[in-house]
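Peer 1: So that we are looking at the same thing, I have put the structure below in structure tokens.
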Amino acid sequence: MPLKTIVAALFEYGLVALGWILIWRLQFSAKAREKRKYAPATLPRWPVDCPSFGLASLCVCLGWFAASVSLAQLIHHLPSLKTDEGLLAIFSGMLSQLGLLLGAIAGMSYLRKNNPRASLNEPTPRPNPSIAKIVTAGFTTFAITVSIVVPVQWLWEQLLILLHLPTTRQEMVEIFFRTASPTRVAMLAGIAVLMAPVTEELVFRGGLFRFLRDRTPRWIALALPALIFAGLHVNPQTLDGLITLAPLTAFSVIFSLAYERTGRIAVVMIAHALFNLHTVIFLLLGLGK
């Protein structure tokens, strides 16, 4: 077995062990249970009405639509992109994330204009955490996520094999493997580590989960954004990426719980960036499985 595989496996097992230790310490220990009895709510009710949230969501959809139109126009003027899957993936990823981000910013600006209290980080009885505490909470969330996602992914893959369903990776991962240029690999990694965490957390945690949390049963608020998020990583025609459905659902639920617990959207953005960076490093090492 290659040395890099051994080192990577030891690192992964160590990270999983650390995650379970943190779960025990933060959730099940006597100190954690006692602390929860007296801790004030970290993520208060979001005072946004349904019509306003609907218009903000429309801004996000329009941002995504504008990105799709821009990509189509780019392909029309540069037909060579159709045969260059690496470059096409870069432009597609950048435009999609940028469109969603601008849509999310426009939606949030609209909400704040109509309701100044419609902030992603509500003031709470607790003092505002320092940057160091936010980063620490982000790393903690990342470690806990890996400790749960790794066994979920293994069990899900075994189920798919048992049911004779495809276990192919999502298209973007396959393109990442086939992209030989270091510059293109760096750009794809940048999209995954820098752009996607900000955009996706604003939309799914800061937007959809936050809205549903006080208006639907809690399990729906946790499950619905998670299933939508995970489903967007699956190709409905070829079922490429189906292997990520259960792991990414677990991933999303954990992040919603972390956002709810800390009240800081930056915590889950950092955790998301670390998770994607962890994945990119394993891909670069040729350990995509």
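Rule-based calculations on the coordinates, nothing more; no lab input. Quick caveat: nothing in here was measured; it's all calculated off a predicted structure. All Cβ positions, even for glycine, are placed from backbone atoms using ideal geometry, and neighbour counts span all protein chains on display.
Peer 1: At 7 Å along the Cα-to-beta-carbon direction for both Glu12 and Thr183, put a label point, then send me their distance in nm to one decimal.
Peer 2: Computed distance between label sites Glu12 and Thr183 equals 3.3 nm.
Peer 1: What shape does region 160-272 have by the C-alpha gyration tensor, where a ≥ b ≥ c are the square roots of the eigenvalues, rounded means a/c under 1.5, and otherwise prolate means a/b greater than b/c and oblate the rest?
Peer 2: Working: a/c = 2.79, a/b = 1.33, b/c = 2.10.
The shape class here is oblate.
Peer 1: Please give the contour-minus-distance gain from Arg112 to Ile228: 0.36 nm per residue of separation, less the Cα-Cα distance, rounded to one decimal in nm. Each step should come with its number before you reach the end.
Peer 2: Numbers: separation 116, 0.36 × 116 = 41.76 nm, distance 2.55 nm.
Here the answer is 39.2 nm.
Peer 1: If we count other beta carbons within 10 Å of each Cβ, what is the order of Ile270, Ile161, fewest first? The partial results should precede the final answer.
Peer 2: Numbers: Ile270 22, Ile161 12.
Going from least to most buried by this count: Ile161, Ile270.
Peer 1: Within region 30-89, which trypsin sites (Lys or Arg not before Pro) sit in a loop by DSSP and count at most 13 neighbouring Cβ atoms inside 10 Å? Please report the intermediate quantities before stating the final value.
Peer 2: Numbers: sites: Lys31, Arg33, Lys35, Arg36, Lys37, Arg45, Lys82; in loops: Arg45.
The qualifying sites are Arg45.
Peer 1: Turning to a different aspect of this structure: When Ser92, Ser80 are ordered from fewest to most other Cβ atoms inside 10 Å of their Cβ, what list results? Spell out each step's value before the answer.
Peer 2: Working: Ser92 20, Ser80 9.
With the fewest neighbours first, Ser92, Ser80 line up as Ser80, Ser92.
Peer 1: Can you tell me how region 49-114 classifies by the Cα gyration tensor, rounded, prolate or oblate, using a/c under 1.5 as the rounded cut? Don't skip to the answer; put the middle values down first.
Peer 2: On the way: a/c = 4.15, a/b = 3.25, b/c = 1.28.
Since a/c reaches 1.5 and a/b is larger than b/c, the shape of region 49-114 is classed as prolate.
Peer 1: Pairs of alpha-carbon atoms within less than 8 angstrom and 6+ residues apart define the contacts here; what relative contact order does the chain have, in percent?
Peer 2: Working: 328 pairs, mean separation 76.1, N = 289.
Relative contact order of the chain: 26 percent.
Peer 1: Less than 14 Å Cβ to Cβ from Phe255, Lys/Arg counted +1 and Asp/Glu -1: what total charge do the surrounding residues give?
Peer 2: Details: positive: Arg205, Arg210, Arg213, Arg261, Arg264; negative: Glu200, Glu201, Glu260.
Summing Lys and Arg as +1 and Asp and Glu as -1 gives +2.
Peer 1: Take the alpha carbon atoms of region 23-90, find their center, do the same for region 212-253, and report the distance between the two centers in whole angstrom.
Peer 2: One Cα centre to the other: 12 Å.
Peer 1: Just check region 1-108 against the gyration tensor rule for me: Cα atoms, a ≥ b ≥ c as the square roots of the eigenvalues, rounded for a/c under 1.5, and otherwise prolate or oblate depending on whether a/b exceeds b/c.
Peer 2: Values: a/c = 6.70, a/b = 1.30, b/c = 5.15.
Because a/c hits 1.5 or more and a/b fails to exceed b/c, region 1-108 counts as oblate.
Peer 1: Which value in deg cm²/dmol, rounded to the nearest 500, describes the helix-derived mean residue ellipticity at 222 nm for the chain, given -39,500 (n - 2.57) per DSSP H run of n ≥ 4 and division by the residue count?
Peer 2: Details: 12 runs with 198 residues, N = 289.
The helix-only estimate for the chain comes to -23000 deg cm²/dmol at 222 nm.
Peer 1: So, one more: Anyone know which of Ser256, Ser57, Ser29 comes out most mobile in the 10 Å Cα GNM of the chain?
Peer 2: Highest fluctuation of the listed residues: Ser29.
Peer 1: Over its Cα atoms, what ratio of radius of gyration to 2.2 N^0.38 Å does the chain give?
Peer 2: Values: Rg = 19.8 Å, N = 289, 2.2 N^0.38 = 18.9 Å.
That works out to 1.05 for the chain.
Peer 1: Measure off 7 Å from each Cα along the Cα-to-Cβ vector at Ile161 and Leu284, then give the distance between these two points in nanometres to one decimal.
Peer 2: Placing both labels 7 Å beyond Cα along the Cβ direction yields 3.0 nm.
Peer 1: Put a dot 7 Å past each Cα toward the Cβ at Phe139 and Cys61; how far apart are the dots in nm?
Peer 2: Calculated label separation equals 4.2 nm.
Peer 1: Please list, in order, the residues from region 146-167 whose amide nitrogen is less than 17 Å from a point placed 7 Å along the Cα→Cβ vector of Phe28.
Peer 2: Those under the cut-off are 146-152.
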